[in-house]
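The block underneath contains the structure these notes are about, expressed in structure tokens.
Every number here is computed from the coordinates shown, using simple stated rules; none is lab data. Keep in mind the model is a prediction, meaning the values are calculated, not measured. Cβ placement follows ideal geometry from the backbone for every residue including glycine, while neighbour counts extend to all protein chains displayed.
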């Protein structure tokens, strides 16, 4: 049996404000820092140990991982950053309020932009101050990313999973991945074999370790969150309601 831990970064500044974030590199809030610390503590208390860790190019995921590893006294293990674990690129919605967009375009449209599998937001414009067109960290990409639906994210995260994670698991490595809501939803869709309709209802809470146990063929035996079920439910509901007009 293989075991791997996935965790969404702690609450970010734009999560708190209810803004579309995407590839905008915002920091954690004080609550987000606390959530990361609590995640590290519960993982340590539950006896988890890791040989290698993965995260994205975004500071909210990187800081969450660093805090977890510090709490677990595992800052010495390798940390590999991969852009394919980035949050979904929200196109020209980046920097805009989810509530205001729901009032303007309707909650159904915002839900489609946030959670659907194959509905991309409008492509980001050069005039949008939150574009990544001149961001040096993505200069290697042959084509700039202007907008993504979850289907697009799925393409990059599953390549990452099969190229990086499966070989590491085969070697017996114990792995933690710190990433964002949609990159983890994409991996979850793949592992749980969810339909395009089922993934719409999936919201992943901030800063809560999600454990997957896999068989020898890397098929899911079971998965579960670590932490207080009431707190996890509360965070998940808050995330779910971000796209509502009121």
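Quick one: if you take sqrt(5λ) for each eigenvalue of the C-alpha gyration tensor of the range 33-83, what semi-axes come out, biggest first, whole angstrom?
On the way: eigenvalues 62, 34, 11 Å².
Working through the eigenvalues yields semi-axes of 18, 13, 7 Å.
Would you kindly work out the equivalent ellipsoid of the chain from its C-alpha gyration tensor and give its semi-axes, the square roots of five times the eigenvalues, largest first in whole Å? Before the final figure, lay out the partial values.
Details: eigenvalues 151, 77, 67 Å².
Three semi-axes, in Å: 27, 20, 18.
Over 18 Å apart: what share of the alpha carbon pairs of the range 1-71 falls there, rounded to a whole percent? It would help to have the intermediate numbers written out before the result.
Values: 938 of 2485 pairs.
I get 38 percent for the Cα pairs in the range 1-71 exceeding 18 Å.
So what is the 222 nm mean residue ellipticity for the chain from helices alone, if each DSSP H run of at least 4 adds -39500 (n - 2.57) and you divide by all residues, rounding to the nearest 500 deg cm²/dmol? Write out the running numbers ahead of the final one.
Values: 10 runs with 95 residues, N = 246.
It comes out at -11000 deg cm²/dmol, rounded to the nearest 500.
Which semi-axis lengths, in whole Å and largest first, follow from the square roots of five times the eigenvalues of the Cα gyration tensor of the range 147-206? Present the calculation step by step, with values, prior to reporting the outcome.
Values: eigenvalues 91, 31, 25 Å².
Here the semi-axes work out to 21, 12, 11 Å.
Please work out the Kirkwood hydrodynamic radius for the range 1-130, using every pair of different C-alpha atoms, and report it in angstroms with one decimal place. Walk me through the intermediate numbers first.
Values: mean 1/r = 0.0618 Å⁻¹.
Radius from the Kirkwood sum: 16.2 Å.
In terms of the Cα gyration tensor, with a ≥ b ≥ c the square roots of its eigenvalues, is the range 110-246 rounded because a/c is under 1.5, prolate because a/b exceeds b/c, or oblate? Present the calculation step by step, with values, prior to reporting the outcome.
Values: a/c = 1.89, a/b = 1.20, b/c = 1.57.
Oblate.
So for the range 6-243: antiparallel DSSP bridges make up what percent, rounded to the nearest 5?
Values: 8 of 18 bridges.
Taking every DSSP beta bridge with both residues in the range 6-243, the antiparallel ones total about 45 percent.
Working from Cα positions, state the angle (0 to 90°, nearest 10) between the long axis of helix 229-240 and the longest principal axis of the chain.
On a 0 to 90 degree scale, this one is about 30.
Just rank 8, 88, 137, 201, fewest to most, by other beta-carbon atoms within 10 angstrom.
Working: 8 31, 88 28, 137 14, 201 9.
Final ranking by Cβ density, sparse to dense: 201, 137, 88, 8.
Quote the convex hull volume per residue of the range 57-158, based on C-alpha atoms, as a whole number of Å³. Don't skip to the end; give the middle numbers.
On the way: hull volume 13.9 nm³, N = 102.
Hull volume over Cα atoms, normalised by residue count, gives 136 Å³.
Between the range 55-92 and the range 146-173, what is the separation of their alpha carbon centroids in Å?
Here the answer is 15 Å between Cα centres.
Would you mind getting me the FRET efficiency between residue 140 and residue 231? Use the beta-carbon distance for r and R0 = 41 Å, nearest 0.05. Present the calculation step by step, with values, prior to reporting the outcome.
Numbers: r = 40 Å, r/R0 = 0.96.
So, using R0 = 41 Å, E works out to roughly 0.55.
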